[in-house]
Amino acid sequence: MLESLLFLIMGLITIVCALCVVFQKNPIYSAIFLIQTMVSLAVLYVLLHAQFIAAIQVMVYAGAIMVLFIFVIMLLNLSKEDVEGGRDKLFFQKPSAIILGFILVVMIGTVTLKTVSQGIKDEYTPEIISQIGNTQLVGKMLFTKYVFPFEIASILLFAAIIGAIVLVKKRIIEDEKV
Amino acid sequence: MIPLTWYLILSGILFSIGAVGVLIRRNAIVIFMCIELMLNAVNLAFITFSRQLNSMDGQIFVFFIMTVAAAEAAVGLAIIVAIYRNKATVNVDDINLMKW
């Protein structure tokens, strides 16, 4: 009962904040609402017995990635006209996008409700997970079954660091020459 | 115990909001945030299926999606900063150099 109540409250907060992300004029407000969306999603992860992912969601997503977003918004320091965006170039884009979004929601909802989900059940029931510990199981999987993707991820992050530095640094070198 | 279908529908709603946001906003940073919203919706679906099938694999996938999202955010924001330096705008309607 308490679980259902928590799901309803958190689901409502998530949807309202997600709508605010889209419809707020100021990008900073959008970013703040996106952080709230991520935190309430973390609560939903706890409800689904994924405690480690919930902690990572708050630390990595709401902490690191969103700080990066807000940092860039502050760095660009957009003017009022730039934030408002002015007139649309495509006349009917916004209404048709919203209508198509509604159709997408209805389609996903219909497919989800009509489908009877099947699949081979694995051994990790919530009882076993709480007995061993969620984090321990994730760690075990990462270093046994998924050790190769784990190593690839480190290369990906390294490439991302170099890419970001190269993209932003280019202009500085040119300035030094002049 | 609430049915797991509700989580999937919530995930679908979040994904649709993100998709609509990409279509109706003109600010490149907000479009980027909407993409993050869509990634989060997919993460929720992954966790739900992982719970439904009593499996840990979905959670590992979410872990990797977060890694990719971090890399994507770093590179994407660097691209936005570079565009801003060159064109002094982040409005996607004004960035139309490759439009035929």
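Scan region B:19-34 and tell me whether some residue there is surrounded by 18 or more Cβ atoms within 10 Å (Cβ to Cβ), of a type in the set (D, E, K, R) and within 17 Å of residue B:65 (Cβ to Cβ). Among the residues of region B:19-34, not one is surrounded by 18 or more Cβ atoms within 10 Å (Cβ to Cβ), of a type in the set (D, E, K, R) and within 17 Å of residue B:65 (Cβ to Cβ), which makes the answer no.
What about residue A:152, is it closer than 19 Å to residue B:61 by Cβ, within 10 Å of chain B (Cβ to nearest Cβ), over 24 Å from the mean Cα position of the chain (by Cα) and without any contact (Cβ under 8 Å) to a residue 40 or more places away in the chain? Answer is no for this residue.
Scanning region B:51-91 for residues that are in a loop (DSSP other than H, G, I, E, B) and touching an Asp or Glu at 6+ places or on another chain (Cβ under 8 Å) gives B:53, B:54, B:55, B:56, B:89, B:90.
All conditions in (1) facing another protein chain (nearest Cβ under 7 Å); (2) crowded, with 19+ Cβ neighbours inside 10 Å hold for residue B:45, with the sole exception of (1).
Within region A:147-168, the set of residues being closer than 23 Å to residue A:76 by Cβ and exposed (fewer than 12 other Cβ atoms within 10 Å of the Cβ) comprises A:162 only.
Values in this text are rule-based calculations from the coordinates and carry no lab data. Just so we're clear, the structure is a prediction, and the values are computed from it rather than from any experiment. Every residue, glycine as well, gets a Cβ built from its backbone with ideal geometry; the counts of neighbours run over all protein chains shown.
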